[in-house]
Amino acid sequence: MAIEGGVSVFWLMALVVFTSTTSSGEAVKPSHYSMPFNRTSFPPHFIFGAGSAAYQSEGAALQYGKGPSVWDTFTRNHPEKIEDRSSGIVADDFYHHYKEDIKLMKKIGLDSFRFFISWPRLLPTGKVKGGVNKQGIQFYNNVINELLSNGIVPFVTLFLGMSICPAHPRNRSAPPLMGRFFPENSGMRGGLGANIASQKGKIGITLVTNWYQPKFKTESSRKAAFRALDFVLGWFLDPITYGDYPKIMKSLLGSRLPKFTKAQSVALKGSIDFLGVNYYTTNYADATTPATVNHSFFVDMQATLTAEKNGVSIGQRTDVGWLYIYPRGIRELLIYIKHKYKNPPVYVNENGVAEANNSTVPVKKAIKDGTRIRYLHGRLTYLLQSIKEGANVKGYYVWSFFDDFEWSSGYTIRFGLTYIDFKNNLKRHLKYSAYWLKMFLLN
């Protein structure tokens, strides 16, 4: 679900963890890369997994009783908004290939698979009274059972902004709807939370953020970096931890920032069992001049976010314009969360890198993804460092398990550990990075 920057949009996700055992198998050691450390360097119950998302990988978009989602409608009505004019109608066809894909997960040695519930597949009309699609329920039951039978923990995201299209009222803007939804549903330990607790499950939220590094060794740059973190991450995590928005947001936005009632504040505080973090890259932050007109998210933040300083990139450039490889950023972010937000249990729910999809490159060459191996090695090194420094990190999920539909980028970039041959019946090929991860996990 890689999203550029993670600045102006957040995805409210409730996630449920089911318990299972760790898979095992015979390790394969690629000859092209050495392994200086492995999973035994991490805490005994640390979870290593990979993820995908419903619209991006499932396929069968309008089959088996599923209704249209907002993305089905958007890609059909506005193909020009997608770089290659594609859609997720077929995607990786996980719907029909899930058994094959889960066998590959077991082969790699993944502990867990993070996937998303498609509500249009369960509630085709967007309303319970419109009927529940039993085929959709059976599909997700089958996926969960198949995962468990292979010793893989299902990590389920209940909501990813993948609404049923008919459920969207016309002429209504998103902020009032989300503003009404969030406070009323923030006390997750009631209702749904109680049911999950009775089943020994856990529920949390996943937030998208970058790490922000001061561009210069000045006080103004340092404050700009912290403002960016407050606007991007603190906007949601401060209320969940402390019951109110960050002080800097309240100061800069004034009456434009809604106020919580006392009851809402109490309900929000401590309303999650764990925090999910989607982190990909780091930006420099520097201060900008305050503006009194043309307010926007970035203007209000009073910070300029860039990837270069004096003509030098913050990290290695990748084939994705917004993603630079800055390995240390994950450690900085996790230690920041530790100190500012009372060290909650954290799952790094998305972290990965993409290469361009070049249709002229043969599959045997395309699966040699050295950049991804270096990316994973660097991130896991600094992730381990954060744990040694006391960060309460419980798991790490690579984005993504397979190449998929990447929103406005379509299929022009590939994030997967598994190569999908879109020209040859969606044949699966494990990339070198998958074998590297297998060596890391199975030692």
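The values are calculated or read from the model by the stated rules, or taken from the named source; none is laboratory data. Nothing here was measured: the structure is a model prediction, and the numbers come from that model. Neighbour counts run over all protein chains shown; Cβ positions are idealised from the backbone, glycine included.
Let me confirm something: among LEU62, LEU148, LEU110, LEU104, which residue is within 30 Å of PRO44 (Cβ to Cβ) and surrounded by fewer than 18 Cβ atoms within 10 Å (Cβ to Cβ)? Don't jump to the end; show me each part of the working.
Values: LEU62 fails: within 30 Å of PRO44 (Cβ to Cβ); LEU110 fails: surrounded by fewer than 18 Cβ atoms within 10 Å (Cβ to Cβ); LEU104 fails: surrounded by fewer than 18 Cβ atoms within 10 Å (Cβ to Cβ).
One residue alone meets the criteria, LEU148.
Within segment 326-338, can you find the residues that are over 9 Å from TYR382 (Cβ atoms) and surrounded by 21 or more Cβ atoms within 10 Å (Cβ to Cβ)?
As a first pass, look at segment 326-338 and keep what is over 9 Å from TYR382 (Cβ atoms): 326, 333, 335-338.
Hits for segment 326-338 are TYR326, LEU333, ILE337.
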Query raised in the report: If you go through segment 316-325, how many residues are within 21 Å of the chain's Cα centre (by Cα), surrounded by 15 or more Cβ atoms within 10 Å (Cβ to Cβ) and more than 21 Å from THR288 (Cα to Cα)?
Result: 6
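In this structure, does SER400 turn out to be within 29 Å of ARG85 (Cα to Cα), of a type in the set (S, T, N, Q), touching a helix residue (DSSP H, G or I) at 6+ places or on another chain (Cβ under 7 Å) and at pLDDT 95 or above? Please lay out each step first, then the result.
Numbers: within 29 Å of ARG85 (Cα to Cα): yes; of a type in the set (S, T, N, Q): yes; touching a helix residue (DSSP H, G or I) at 6+ places or on another chain (Cβ under 7 Å): no; at pLDDT 95 or above: yes.
For SER400, the condition - within 29 Å of ARG85 (Cα to Cα), of a type in the set (S, T, N, Q), touching a helix residue (DSSP H, G or I) at 6+ places or on another chain (Cβ under 7 Å) and at pLDDT 95 or above - is not met.
Anything in segment 132-154 that is assigned to a loop (DSSP other than H, G, I, E, B) and either in contact with a Ser or Thr (Cβ under 9 Å, 6 or more places away or on another chain) or among the small types (Gly, Ala, Ser) (or both)? List them, or say none. If you could, list the steps in order and put the result at the bottom.
Narrowing segment 132-154 to residues assigned to a loop (DSSP other than H, G, I, E, B): 132-133, 150-152.
Scanning segment 132-154 gives ASN150, GLY151, ILE152.
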Query raised in the report: modelled with pLDDT under 95, assigned to a loop (DSSP other than H, G, I, E, B) and on the phi < 0 side of the Ramachandran plot - does that describe any residue in segment 294-310?
Result: yes
Query raised in the report: Just checking, which of ARG414, ARG374 is at pLDDT 95 or above and buried (at least 22 other Cβ atoms within 10 Å of the Cβ)?
Result: ARG414
Requested in this report: Go over the candidates PHE415, PHE405, PHE440 one by one and state the one that is closer than 24 Å to ARG39 by Cα, aromatic (Phe, Trp, Tyr) and touching a Ser or Thr at 6+ places or on another chain (Cβ under 7 Å).
Outcome: PHE415
Query raised in the report: Which pairs have Cβ atoms under 6 Å, sit 6 or more apart or on different chains, and link a residue in segment 89-113 that is over 13 Å from PHE401 (Cα atoms) to one that is surrounded by 18 or more Cβ atoms within 10 Å (Cβ to Cβ) and hydroxyl-bearing (Ser, Thr, Tyr)?
Result: ALA91/SER57
